[in-house]
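Beneath this line is the structure, given in structure tokens, with notes to follow.
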Amino acid sequence: MFKEKSETYLSELAEQLSQSWSKLGARVCWWNSYKELNILDLDDPGIAKEAACQSTVEGKPTAFVSSSGNGNAFPVFSNGRCLGSILCIFPPNLLEQSQALFEIFHKNIDHLHTNFRTENELTDLSRELSGSYEELSLIYKLGEHFQITDDPATFLNGFAEELMELIQAQGLLLLINHRLSGGETCLQVGNMPVPGEGAKAVCRYLTQITGTRRETLILSDISTHPSLVRIFQNTEVGIMARPILVEDTPLGILVAVGTNQYDGFDSTDAKLFGTIGEQTASFLQNSFLLADIQELLTGLLTSLVNAIDAKDPCTRGHSQRVAFIGRRIAESLELSPKECAQVYMAGLLHDIGKIGISDHVLTKPGKLTPEEFAIIQQHPVIGAKIISSVRPLQNILPGVLHHHERYDGKGYCEGLTGEQIPLMGMIVGLADCFDAITSERTYHSAKSFTDAINEVRQCSGSQFSPAVAQALLNYDLDKLEHDLKSIGDHNHEIQALPSLNWIE
Amino acid sequence: MSENNTIVIADDEAHILRVLELKLSSAGFTCVKAGNGLQAWDQIVRTRPALVISDYQMPEMTGLELAEKMYQENELRGTPIILLTARGFSLTPDDLAQTNIQYRVSKPFSPRELLALVQEILMGAVK
């Protein structure tokens, strides 16, 4: 490799010189340290070679006389190493001027040599610059493109390939500690020599070593870490590890793995890795906060629903059945998953206002007086007021407020007609009625599903919106009956909600 | 790839030119450099490149003006142009209407991605 390089360089140099100097009749050739002379048609190459050799040994120009004329050999050095020698022979007719000419020639070599060197430096610098651009570009990309609603795998994949190429790693690992549930997730990208449990074990081990130091650890080889050697079954592995910390709390660790082909991780790689690590910390922190909020909200809702049940044991389970039926109607209407989840929540909370109704009215057997009826009719408004102070629940307010409206306008509380009634209200209203008909109440006994269906059909257009009623009738009612019987604790349905991300 | 693999690159910052030239020539393209809009125009007319990569902010003529000038020449109208701009800078559709600017890339750019873009455009995969 070195030989080729010097050969090309010397020959290029000689070529350039020859172009101008040959016009004077001078001959330019080169001799490299491998003792090769490129111009073989000298009458006495031996003399020339000797001079060249001497010049490289002494490090200065060496004159010689050949049959072709006076010559001089000029050594050429690069980075302290001797590449060889450039020889110049002037014809006899230039003998007088040859001294001066040699000086000029020497200067010429120096200038050209400097140019070549500078050009090489520039190319090297450009290469470094290009690398820096790649890094910057990656960091900007990370800053601009990640969304906190992304799951960690999406986030990791957003930069993994570019990062691995930049630092020349074969694999990337991200271990995330879920501080809430105490679980661990280990994500990996690339060619990991030890997938699955092995990867987790590597991360755990590295977490122990790095602790809570906000630094990037580099292990050029793992021979001093027997645990790692055991896992990798190999010592030719390089590791770079960066703990993901948020205010000294470890959220996980980011690990880059270099296997047989890797070049070694240097300080530039470490710096970039550190920056990426910090970005990852930001991302994870935000993700966790978002999960916290959602968990808080669902906990809140669970409490509210439990409150309803506690208030009126006779209707325990009613809310969850209304929610269930309501969601099926929404699905039958082909609403989006988010809207279906909202209808579910509205169903769960639709009777929350009953908390504000006194017991003797609420659980009175037999007929209610007009005054008592008026009191009961307040519950949608009371319910709406209760949930109105929780901002994320604003979306389900219509379901609570309007679930007693009628399509023909004879409902309460606002007496809305037809399409004025929010869809959510109509759905919850229908679900509410349906469940009431099929349940035991203080004011009537349970009717069969078939009877209930008929009532719905009859009341379509008057009490219920035709479209919504039809959506219920379209649904597989045998399945519905079966599913309703087996609804147990509704808590698991609530827990499933955060994954639907129904909070704005 | 088409026979013509000449790319004219124009930027008043020499280091950008060097980085671009390094990356593109290592992939087999012939790069012709220009330090301002006018020089770029001269080189484009002279070499009829397959592609032009130009900075926006340049002396003598901006990248946008250069693109517009090219658009007005029948022979140059079809030459695709990649415009390099500062981050956060945006061009309206009106600005771009009288040009054949195919892509806008913000600085600092990833040389690797830019090369991939160039290859895509010249392979005809992207119109």
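The values are calculated or read from the model by the stated rules, or taken from the named source; none is laboratory data. Worth saying up front: this structure is predicted, and the values here are computed from it rather than measured. A quick note on method: Cβ atoms are made from the backbone with ideal geometry, for glycine too, and the neighbour counts reach across all protein chains shown.
Okay, here's what the table says:
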{"read-out": "Helices (runs of 4 or more DSSP H) (entirely within the range B:23-127) containing at least 1 residues that are within 14 Å of chain A (Cβ to nearest Cβ) and hydrophobic (A, V, I, L, M, F, W, C)", "value": "B:111-122"}
{"read-out": "Helices (runs of 4 or more DSSP H) completely within the range A:142-241 that count 1 or more residues being within 17 Å of A:A270 (Cα to Cα) and in the same structural domain as A:S267 (by TED's automatic domain parsing)", "value": "A:152-167, A:197-210"}
{"read-out": "Check on A:E135, under 18 Å from the mean Cα position of the chain (by Cα), modelled with pLDDT of 85 or more and either within 30 Å of A:F288 (Cβ to Cβ) or polar (S, T, N, Q) (or both)", "value": "yes"}
{"read-out": "Some residue of the range A:183-204 being touching a helix residue (DSSP H, G or I) at 6+ places or on another chain (Cβ under 7 Å) and within 13 Å of chain B (Cβ to nearest Cβ)", "value": "no"}
{"read-out": "Filtered residues of the range B:89-117 (kept if over 20 Å from B:A67 (Cα atoms) and modelled with pLDDT of 85 or more)", "value": "B:F109, B:S110, B:P111, B:R112, B:E113, B:L115, B:A116"}
{"read-out": "Residue that is modelled with the highest pLDDT [pool: residues in the range A:314-336 that are more than 18 Å from A:D483 (Cβ to Cβ) and assigned to a helix (DSSP H, G or I)]", "value": "A:T315"}
{"read-out": "Positions within the range A:96-144 being more than 14 Å from chain B (Cβ to nearest Cβ) and touching a Pro at 6+ places or on another chain (Cβ under 9 Å), in sequence order", "value": "A:F102, A:H106"}
{"read-out": "Residue list for the range A:196-251, filter: out of contact with any strand residue (DSSP E or B) (no Cβ under 7 Å at 6 or more places or on another chain), in contact (Cβ under 8 Å) with a residue 24 or more places away in the chain and β-branched (V, I, T)", "value": "A:I231, A:V246, A:T249"}
{"read-out": "Number of the exception - B:V8 against (1) in a strand (DSSP E or B); (2) within 14 Å of chain A (Cβ to nearest Cβ)", "value": "(2)"}
